[in-house]
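A.B. asks: To start, I am sharing the structure in question, which I have written as structure tokens.
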Amino acid sequence: MDWAALVTWVITAGGGFVMLAIWLKRGGMQQTSGGRIRPALIMSHFLLAATGLVLWVVYLADDSSTLAWIAFALLLVVALLGFTMFGVWARQRSRREEAAEQHFPIAVVGLHGLLAATTLVLVFLAAAGIGS
């Protein structure tokens, strides 16, 4: 379970990195008007996810259940931020707004969300000691 969580987390991070690169390339850091994904939101999502991933790798090396639960807690916050960004993205799609995030490939958004949910479940199960 521990290693499956790592694999899904890394693949999820890859999709997130693709979307972050697109967002930065399309001027996302300059977006300040309402109805768009703001820099603080997307950067917090990215930094907390990366921190959680590093903690998960340390947990795999150290086998500290405390680290596993901290990584899970961070992942919960990351998921809430992700749902918030998904809501902004979905509202924009219906209005046909030209925000930086509207250049995200739909397949990448969907796969990122699906893998993120899978990762959250796997990390919880691993932290709880199920499947070890």
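A.B. asks: Looking at the structure I just gave you, is L75 aliphatic (A, V, I, L, M), over 17 Å from the mean Cα position of the chain (by Cα) and modelled with pLDDT of 95 or more? Quick ask: steps written out before the conclusion?
C.D. replies: On the way: aliphatic (A, V, I, L, M): yes; over 17 Å from the mean Cα position of the chain (by Cα): no; modelled with pLDDT of 95 or more: yes.
No, not satisfied.
A.B. asks: Scan the range 25-49 for residues that are without any contact (Cβ under 8 Å) to a residue 60 or more places away in the chain and under 23 Å from L75 (Cα atoms) and report the count.
C.D. replies: 12
A.B. asks: Take the residues of the range 21-40 that are in a helix (DSSP H, G or I) and out of contact with any helix residue (DSSP H, G or I) (no Cβ under 6 Å at 6 or more places or on another chain): which is modelled with the lowest pLDDT? Explain how you work it out, then say what you get.
C.D. replies: Initial filter on the range 21-40 (in a helix (DSSP H, G or I)): 21-25, 28-30, 39-40.
Next cut, out of contact with any helix residue (DSSP H, G or I) (no Cβ under 6 Å at 6 or more places or on another chain) only: 21, 24-25, 30, 40.
On the way: A21: 97, L24: 95, K25: 96, Q30: 89, A40: 93.
The selected residue is Q30.
A.B. asks: Another question, if that's okay. Output the residues belonging to the range 89-114 that are of a type in the set (A, V, I, L, M), in contact (Cβ under 8 Å) with a residue 24 or more places away in the chain and closer than 20 Å to L41 by Cβ.
C.D. replies: Of the range 89-114, the ones of a type in the set (A, V, I, L, M) are 90, 99-100, 106-109, 111, 114.
Of the ones still in play, those that are also in contact (Cβ under 8 Å) with a residue 24 or more places away in the chain are 99-100, 108-109, 111.
Those that are of a type in the set (A, V, I, L, M), in contact (Cβ under 8 Å) with a residue 24 or more places away in the chain and closer than 20 Å to L41 by Cβ: A99, A100, V108, V109.
A.B. asks: Another one. Among the residues of the range 12-23, which ones are more than 11 Å from L53 (Cβ to Cβ) and in contact (Cβ under 8 Å) with a residue 40 or more places away in the chain?
C.D. replies: G15, V18, M19, I22, W23 - these are the residues of the range 12-23 that are more than 11 Å from L53 (Cβ to Cβ) and in contact (Cβ under 8 Å) with a residue 40 or more places away in the chain.
The values are calculated or read from the model by the stated rules, or taken from the named source; none is laboratory data. Predicted model, so just to flag it, every value in this text is computed and none were measured. Neighbour counts are summed over all protein chains in view; Cβ atoms, including those assigned to glycine, are modelled from backbone coordinates with ideal geometry.
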